[in-house]
Amino acid sequence: MTLSSDRMQELQAIAQRVRVDIVSMVHAAKCGHPGGPLGMADFMTVLFMEHLNLTTENLDDPGRDRFVLGNGHTCAGYYALLSAKGLIPHDELLTFRKLGSRLQGHPHRTPEMGIDFSTGSLGTGLSAAAGMALGARLNGTNAHVYCTSSDGDSQEGQIWEAATSAAHFELSNLTVIVDFNNIQIDGKMREIMNVRDLRAKYEAFGWNALDVDGHDMEALDQAFSDTRNAAMPTAIIAHTIIGKGVGFMEDTSSWHGVAPDDEQLAVALAELGATG
Amino acid sequence: MTLSPPLATGEVKKVATRAAYGEALLALGGQRDDVIVFDADLSGSTKTKAFGQAYPDRFFNFGVAEANMMGTAAGLASLGRQVVFASSFAMFATGKAWEQLRQCVCVPNLNVKVCATHAGLTVGEDGKSHQMLEDITLMRAIPNMKVIVPADATEARAAVLAAVDIPGPVYIRLSRASTRVILGDDYRFELGRGTVLRDGTDLAICACGVEVPEALDAAELLFAKGIDARVINLSTVDPMDEELVATAARECGAILTVEEHQIRGGLGDAVAQAVVKHCPVPMGMVGMDGEFGQSGPPNDLLAHYGLDAKGIAARAEELLQRKG
């Protein structure tokens, strides 16, 4: 099934609103990580709006899908999409990172908001997602478990322990989406510590793996549809541009973990087609 | 004062707490289909193997990958339907996977029971790389983690059976070596409750794990010298039975802690916090004082480091000199 052109336009509009939320949240918090979630906004939007079976109605359903944000620092976009799905009031987004907020600087498991797991320490998310996939199978449900990772996250050894066991247990109900943007805090991933060809690595570990343009919603939609029929766990290597949509934040490590000031926010919002 | 449970009588039995764990797991497996067991290539040694053979659909071996095992246990437990028992040696369960226990199990407060065997010096000949002496410190430092160090096989079995119904994370510290069964069959384990095994008022010896039988023997040595020691089994190190400790401090006026573990951050520190808070009295702490162990037979090691009955009795006499 392919996306209609109307639906494609709607999804693109949602992704732009998510980007507006991301820069607004990080600006309001005066700290946080805008670059990563801007780059992930397209694939996260397709996943959350078209594939992830999570709604305000099915929170308590053991058979609903699960999601783990393995690269927890990119949670501004995650919260924005939970808001788009009605699970977090939109006004609450601007409490991000503030004292007493439910929207912690890295996600904390909060079932009533649909946040299934606590993350923030890299390398830990995929194991947790594999445990959920194992549990879904034990419980006899059709739940699919989605987990994000990244090229930097792939430098952690635990990812490859998890990749080994997920293939060993043939967790076909598990999909990892790797945000591959060649940027980490200290600079270019290929210069800091090159993880090389992640598709080939996941394949070597026994996974179903593919490279996808992380900004091509049509291709992403197809990849997410295919993963439901895979015999083994699936790794979607989503090639993205960090900071996508905000020119001065694109393809640089400078905006990995820095908040825009008032002036920069205005420039970003104008570029995203929103007023400040 | 908490009433003493009847102690074991008759023929002396020696059983390793890890063996009692394996038996308790097997029993649980038959009673409840929500019990899942994970191991990391040590199931023969941790004694989870019998469960795995009886219930292969609920047993998962992760190979030599403890961090992933704990993270996966947390993910499975997060669905809210299963209780996961995850086992390895104490060194690896709490050392290699400490961060996963903190971030993935304890931060979201999930139903994972870490049952770690081969703790302490009594691992014996494997030596310092395997003699985990810092696990109590590491585990009690993490919010939400409950820390249990059973005194013998009877208590290990009871604690494992109780843990399945204790909400959230639990750490149970188990031993490789066979040690004397001291508690009677009708002993009832209760989280957070210590028990007086022998009454006395000259000093209180608070012990956990394999040091509890040694403490009882030490009390006999002291009694022969006219010293009447109270012996308390503090098998739950966290949450600490502060009331029992405070009563012992008031009534005995001196407290000696004994553990097969570093004294830094272990049972001694936990008891000292309760004593300082409620009734400061002179204290002594028997344990490993900032050094690693070495290879050797378990009993020789306990004697070498002053963790046998004789060593404990000597430290008790020293402590009494400081008692006002």
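What follows is calculated from the coordinates using simple rules that are stated; it is not laboratory data. Quick caveat, the model's predicted, so the values are computed rather than measured. Here the Cβ positions follow ideal geometry from the backbone for every residue, glycine too, while neighbour counts run over all protein chains shown.
Given an 8 Å cut-off on Cα distances and at least 6 residues of separation, report the relative contact order of segment A:5-271 as a percent.
24 percent
Bin width 10 Å, alpha-carbon pairs only: give the P(r) of segment A:133-225 as whole percents, running from 0 to the bin holding the largest distance.
All Cα pairs considered, the percentages come to 15, 44, 32, 8, 1.
Between A:L103 and residues 5 or more places away or on another chain, which pairs have amide H atoms under 5 Å apart, with H built 1.01 Å from N, and which residues are they?
A:R97
Given B:K146/B:K310; B:K225/B:K323; A:K30/A:K201, which pairs have Cα atoms separated by over 26 Å?
B:K146/B:K310; A:K30/A:K201
If you take each beta carbon of peptide B:92-104 and count the beta carbons of other chains within 10 angstrom, what is the mean?
Going residue by residue through B:92-104 and averaging, the value is 3.
R0 = 30 Å: FRET efficiency of A:E50 with A:D91, Cβ-based, nearest 0.05?
0.70
Under 15 Å from the Cβ of B:F62, count the other residues' Cβ atoms, weight Lys and Arg +1, Asp and Glu -1, and hand me the total.
Within the 15 Å Cβ shell, the charges total -2.
What is the log10 of I(q)/I(0) for segment B:14-180, computed with the Debye formula using one identical point scatterer on each Cα and no solvent, at q = 0.10, 0.14, 0.18 Å⁻¹?
Log10 I(q)/I(0), no solvent term: -0.30, -0.60, -1.06.
Using a 10 Å cut-off around each Cβ of peptide B:58-70, what is the average number of partner chain Cβ atoms that fall inside?
5
Assuming a ≥ b ≥ c are the square roots of the Cα gyration tensor eigenvalues, decide whether segment B:195-322 counts as rounded (a/c under 1.5), prolate (otherwise, with a/b larger than b/c) or oblate.
oblate
State the dimensionless ratio Rg/Rh of the protein assembly as shown (Rg: radius of gyration of Cα atoms; Rh: Kirkwood radius).
Value, to two decimals: 1.06.
Over chain A, consider all pairs of different Cα atoms and compute the Kirkwood hydrodynamic radius from their mean reciprocal separation; express it in Å, one decimal.
18.5 Å
What base-10 log of the normalised intensity I(q)/I(0) is obtained for segment A:209-255 from the Debye formula, alpha carbons as equal point scatterers, at q = 0.27, 0.33 Å⁻¹?
Taken in order of the listed q values, log10 I(q)/I(0) reads -0.93, -1.15.
Can you say what percent of the DSSP beta bridges in chain B, counting only those with both residues inside, are antiparallel? Round to 5.
DSSP beta bridges in chain B are roughly 20 percent antiparallel.
Under the rule of -39500 (n - 2.57) per DSSP H run of 4 or more residues, summed and divided by the residues of chain B, what mean residue ellipticity at 222 nm is obtained, to the nearest 500 deg cm²/dmol?
-10000 deg cm²/dmol
Apply the a/c threshold of 1.5 to the C-alpha gyration tensor of segment A:90-153 and tell me whether it is rounded, prolate or oblate.
Verdict is oblate for segment A:90-153.
To the nearest whole number, what is the average tally of beta carbon atoms from other chains within 10 Å of the beta carbons of peptide B:78-88?
For this peptide, the per-residue mean of nearby foreign Cβ atoms is 4.
Starting from segment B:228-324, pick out the trypsin sites (Lys or Arg not before Pro) whose DSSP state is loop and whose Cβ has at most 14 other Cβ atoms within 10 Å.
When the trypsin sites (Lys or Arg not before Pro) of segment B:228-324 are filtered for loop state and at most 14 Cβ neighbours within 10 Å, B:K323 remain.
Show me the trypsin sites (Lys or Arg not before Pro) within segment A:193-276 that DSSP assigns to loop and that have at most 14 other Cβ atoms within 10 Å of their Cβ.
Hits after loop and neighbour filter: A:R196, A:R228.
Sort A:94-103, A:167-176, B:295-304 by packing, meaning the average of other beta carbons within 10 Å per residue, with the highest value first.
A:167-176, B:295-304, A:94-103
Starting from the coordinates of the alpha-carbon atoms of segment B:16-111, obtain the Kirkwood hydrodynamic radius over all distinct pairs and give the value in Å to one decimal.
13.2 Å
For chain B, what's the relative contact order in percent, using C-alpha pairs closer than 8 Å and at least 6 residues apart?
19 percent
If a/c stays under 1.5 just call it rounded; otherwise compare a/b with b/c (prolate if a/b is bigger, oblate if not). Do that for chain B, with a ≥ b ≥ c from the square roots of the Cα gyration tensor eigenvalues.
prolate
Can you name the helices of chain A, as whole DSSP H runs, whose Cα span along the helix axis is 30 Å or more and whose Kyte-Doolittle mean is not below 0.0?
Membrane-span-like by this criterion, though nothing is claimed about a membrane: A:5-29.
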